[in-house]
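Nothing in this text is a laboratory measurement; each read-out follows from the coordinates by a stated rule. All of these numbers come straight from a predicted model, not from anything done at the bench. With ideal geometry, Cβ positions are generated from the backbone for all residues, glycine too; neighbour counts draw on all protein chains shown.
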Amino acid sequence: MRSLKKMVSSVSMMAIVLSLWSPGVSSAATPIGDANSSIFGPNVYVFDPDMPAADIQSAVNAVFTRQESNEFGTERDAFLFKPGTYNGNYFIGFNTQASGLGLNPDDVLINGGLNVNADWDNGNATRNFWRGIENLSINPTFNYTPPAPAHFSAGTTQIAVSQAAPLRRLHIKGKLNLFDFDAGWGAGWASGGFLADSIVDGQVTPASQQQWFSRNSQWSSWSNGVWNMVFVGDKNTPTGNFPDPPYTVVENTPVIREKPYLYINNANEYQVFVPSLSQNTQGASWANGATPGSSISIDQFYIVRADVPATTSATNINAALANGKNLLFTPGIYHIDDTIRINNANTVVLGIGMPTLIPTTDKPAMTIADVDGVKLAGLLYEAGPNATSSLLEVGPTGSSLDHSANPTSLHDLFFRTGGAVVGQNKAQMTINSDDIIGDHFWMWRADHGAGAGWTENVSTNGLIVNGDDVTLYGLFNEHHNEYQTLWNGNGGRVYFYQSEIPYDVPNQAAWMDGSKNGYASYKVADTVTTHEAWGLGVYSYFRDAAVKLENAIEVPNVAGVKIHHATTIWLNGTAGSEITHIINGIGGRVYGTSGSAQRQTINFYGTDAGDTEAPSVPTNLVLKETAAHDRVKIGWTASTDNLNVTGYDVYRDGTLVGHTTTAEFLDTTVKPLTTYSYTVKAKDGGGNVSLSSVALSVTTPKRALDRSAWTATSTSADPAARLIDGDMGTRWSAGKPMSPSPEQSFTIDMKVLTSINSIEMDSTGSNNDYARGYALYVSNDGVTWGSPIATGVGTNRLISIDFAPQVARFFKIVQTGTNSSWWSVHEVRVYGSVPASASIEGPATVTSGQSFDTTVHVSDVVSSVYAQDIQLSYDTGVLEFDSVESLNPATTIIGQKVGGGHIRILTVNLAGGDVNGPLLALHWKALTPSDDVSTTILLDSLALADLQTATNLGSASEVVLVKAIVDLSILNAKISTAQSLHDAATEGYSSGQYAPGAKAALQAAIDTARSVAADPAVTKPQVTQALANLQQALDVFDSLRYVGDPGDLNNDGVLSVVDLANVAAAYGKTSADSDWAQFKKADFNRDGKVDLVDLAAVAQRILQE
């Protein structure tokens, strides 16, 4: 319920009463009905420990029920707890703040729980925004009746939040979880968060929190991090070296003023406490006594209340400010018809319960003069419909005064463009004054909700900083159309930065910074000479197009600029989208959902001179996993550099085979039973290359046969399929101690006759369970086995059985030893003759007129080869054959014949050398078909000749799509014509104007056509259809143009009641009626029906005459 006590109905009377009301509060116990009848209005619930606990619980539950999923709702609430102890289990939903009214956090104790869950979204807390908890202590006993909800337990406080959910001045007397569980008890995602000036007695567990910022706090331990965890001035911080774990630790907070807060003093009077400015601090400000600072009586504040309109006008607010008042905004939504001007030094402006300011003009909602010591806290600024230049302006343009001794501080300020209401702005906040302290911002252009669209909720920039020596803690800035953060001032410092670049970029052409792909999220102007930032994370999710961002961060390369621990993340997105570099063209790209394709990290330290120092030599080359016949994964100790290591070049036998940005490399081009020598060199952003590492020698094993179609049976009840499932984590067991009798055996059916010569039984993981003896049998029918072809004694976990080649379908291994262990095997691998094969590979798609190559490969040839006969065929109407070259140094092309779509090539190997691997490169040119066409290059045969016979390896093929050159000139011309027509048109009801909504419909069609024209993979049919669709939209647009006065239905040149009668006669007709042509003119607004809207519109036109 919104109010528990009837309010005075007269607004003017209420305003008078408020101005005279004493700020003191009664010391007598009050009923719960008075909880929201304080001087702060009905949206603020002031609880007293003498109130019945059940009544407080009921009131909090009622608000939470309304606010739990009320993401963009209009309700705002605040819970204020007077000093004392409360027994309850409270949940905090959207647009709600819970605060203690004590001078120190331990003055208010909640026994039970004060939590934030994400049950409304199945444990996903990535949308748990706009709420706060501060200035109290929590003893999480969670004595809940009836039984507690799932995912909660005594001793643990759960606050599963993302952005705009500050946690301040808390004493949690137990553990703290910063996430919620989903229905399957998995850790649901969260994208927070902010913790300051707090103490947690137990462990803090972020779990799935993508990032988190903590300042001047402490805990017993911190469990983990995902991408970007930043700690400034904290105690007992976690250890480890960035980027794994992803911790950035700054020992002391250089300069801070804690956020002002409301409390009740010993005289039972409301006061606002203003903490003092402090430097180089560590730990909570109240850990060893009261926070240093001073108090201001509530009677020095002008209280703004949504339920009292007289208090909400900008005129009255500015008059109060001019008279030296401070401001306290209570929960509500405030439409601001003029700028609120903070002109006096040391003014305090405090919001409680997420008060929201929406400018109704193109002026800023609020400005702060270039004065000392303003404290601004706890407000949400929401863009209105009139493209405000800046929602908040801190200092006028050109500000230059020195405020270092008494800086203005900004706390828990949140900005929103779209989502709840349709709005636009150029910037959300502009900071012009020097020495500003920013303490937690979330600056958000909505990616969902009302008006969320690339050209609808336009927010050019989130934050613009023009002032010098500005220090920001906890900057979250997301989704704006161009730079998220644009920093023009010198001496800037940022501690923690989280930014998602916009989701909804329609195409690359719409998002270009000059000739560069996209706008950097974090842009420091080229004129800046000093700037430093710690712990930056920039994430991409290009939802709507394959868009690329060249640099996540751009800064001047000068000695005074330093970026510590920058991270880029590819969250998800359209295939082909990416962040190409982290900073200034340095750092690997992110483009996928795992490993280095998802996350890249870097440090950057600017230098006035070019970097000439090479990175250190990579050391300690090792195998990262057991070498396989077709893959080798190596790793090494990462190199260091005076600036930054950007990557590594990997060499195999002296030849460059790959590049990686991490200290490991996977080589998938190796062959079985081959010894290779690997070396690595490190590179930095200046192009310097280290010396080669010490070589690592690796020998690949022989190649096991493919077991995917095989089946297995055994004498045991254990699933025999585990023997050949490719998973060393599973095992088959005989189920009893080893004994020759009764028989313990397994049988493998290879499905076809197969040549085999070696079998491995691998018991790794059950190291003492290997067969103490064995006998191997083969069979063609699985019934007749004969004598064993091999017997032996097992001595360790890996038993290899080698034997003369056998051709069989089945084999059986019988355990013949005795031991108390149970015989078990994790994997059975089989080796034998792999048929030699040939293949042809090439690009899947080429463009008309494009030259391209296909490659002929040979594999698994074991004999000496002296000559080859290769024959191919192709479609001469689509492709033109150019030439062929040998890719194998031992292979020489002796002759070739080309004609009629056929190619025959003869080659020789004079030394009878190895022909495996790439053999030939065939050079082609695509012709110019009128439409896209798929064509097949067929390798008809590839015959290999030794000294006795020629063996044909069979056929193979490669399909290539040849894309016709698409002429976009007609479509682009039509787009240009349509855009010009749209821009020149006006909507209205006069002659020559267009029906309301006509321009929006045409613009949507234009944008769709543009997206087709910008698609690099567009086809001719798609262009033809786009052209037709756009022309249809133009025809519809033309039909919505009024010729003559649309209200003059009888064409007599006069607007009169006769015209109204014509509409009335047509009332109810729609475009679906057979006689619509007769009545169509009565459809005044051209929406395909004649209704009350048309009657009213014509009536208004008549009345306007």
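Numbers at a glance
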quantity	calculated
Net charge over other residues, Cβ less than 11 angstrom from the Cβ of Gln484 (K, R count +1; D, E count -1)	-1
Percent RCO, i.e. relative contact order, over the chain, from Cα pairs under 8 Å lying at least 6 residues apart	4 percent
Residues with amide H under 5 Å from that of Asp684, placed H, sequence gap 5 or more	Thr646
For Asp882, residues with placed amide H under 5 Å, excluding near neighbours	His923, Trp924, Lys925
Other-chain or far-sequence residues with amide H under 5 Å of Tyr381's (modelled H)	Leu357, Phe414, Phe415, Arg416
Cut-off 17 Å (backbone N to label point 7 Å along Cα→Cβ of Ser295), residues of the range 96-110	100-108
Fraction of beta bridges assigned by DSSP in the chain that are antiparallel (%, nearest 5)	50 percent
Added length on full extension, which subtracts the Cα-Cα distance from 0.36 nm per residue, Asn316 to Gln850	185.1 nm
Total formal charge among the other residues, if their Cβ is under 9 angstrom from that of Gly685, Lys/Arg +1 and Asp/Glu -1	-2
Efficiency of FRET between Tyr1067 and Asp1035 - r from beta-carbon atoms, R0 30 angstrom, step 0.05	0.60
Kirkwood-type radius of the range 317-381, with distances r between different C-alpha atoms, in Å	12.0 Å
Within straight-line cross-link reach of Lys523, lysines at Cα separation under 20 Å, skipping those fewer than 8 residues along the same chain	Lys426, Lys548, Lys562
Radius ratio Rg over Rh of the range 210-290, counting only Cα atoms, Kirkwood formula for Rh	1.10
Radius 13 Å from Cβ of Ala450, net charge of other residues (Lys, Arg +1; Asp, Glu -1)	-2
Debye intensity ratio in log₁₀ form over the Cα atoms of the range 891-945, taken at each q of 0.13 Å⁻¹	-0.47
The range 283-289 - phi-based ³J(HN,Hα) in whole Hz, Karplus 6.51/-1.76/1.60, Gly and Pro as x	x, 5, 5, 10, 4, 10, x
Extension gain (nm, one decimal) between Gln948 and Ser153, 0.36 nm per residue minus Cα-Cα	278.3 nm
Value of relative contact order over the range 619-699, rounded to a whole percent, pairs C-alpha under 8 Å and six or more apart	32 percent
The range 837-961: equivalent-ellipsoid semi-axes (sqrt of 5 x gyration tensor eigenvalues, Cα, Å)	28, 13, 12
Sum of -39500 (n - 2.57) over DSSP H runs of 4+, divided by residues of the chain (222 nm, nearest 500)	-3500 deg cm²/dmol
Whole-Hz ³J(HN,Hα) from phi, Karplus 6.51 cos²θ - 1.76 cosθ + 1.60, for the range 178-187, glycine and proline x	9, 8, 10, 9, 7, 4, x, 6, x, 6
Convex hull per residue volume in Å³, alpha carbons only, for the chain	257 Å³
HN-Hα J in Hz across the range 221-234 - Karplus 6.51, -1.76, 1.60, θ = phi - 60°, x for Gly and Pro	7, 10, 7, 6, x, 9, 10, 7, 10, 10, 10, 10, x, 9
Charge dipole (debye, nearest 20) of the chain; +1 at Cβ of Lys and Arg, -1 at Cβ of Asp and Glu	1780 debye
Links that overshoot a 30 Å alpha carbon limit, given the list Lys671/Lys963; Lys363/Lys999; Lys82/Lys363; Lys175/Lys325	Lys671/Lys963; Lys82/Lys363; Lys175/Lys325
Kirkwood Rh and Cα Rg combined as Rg over Rh, evaluated for the range 711-832	0.92
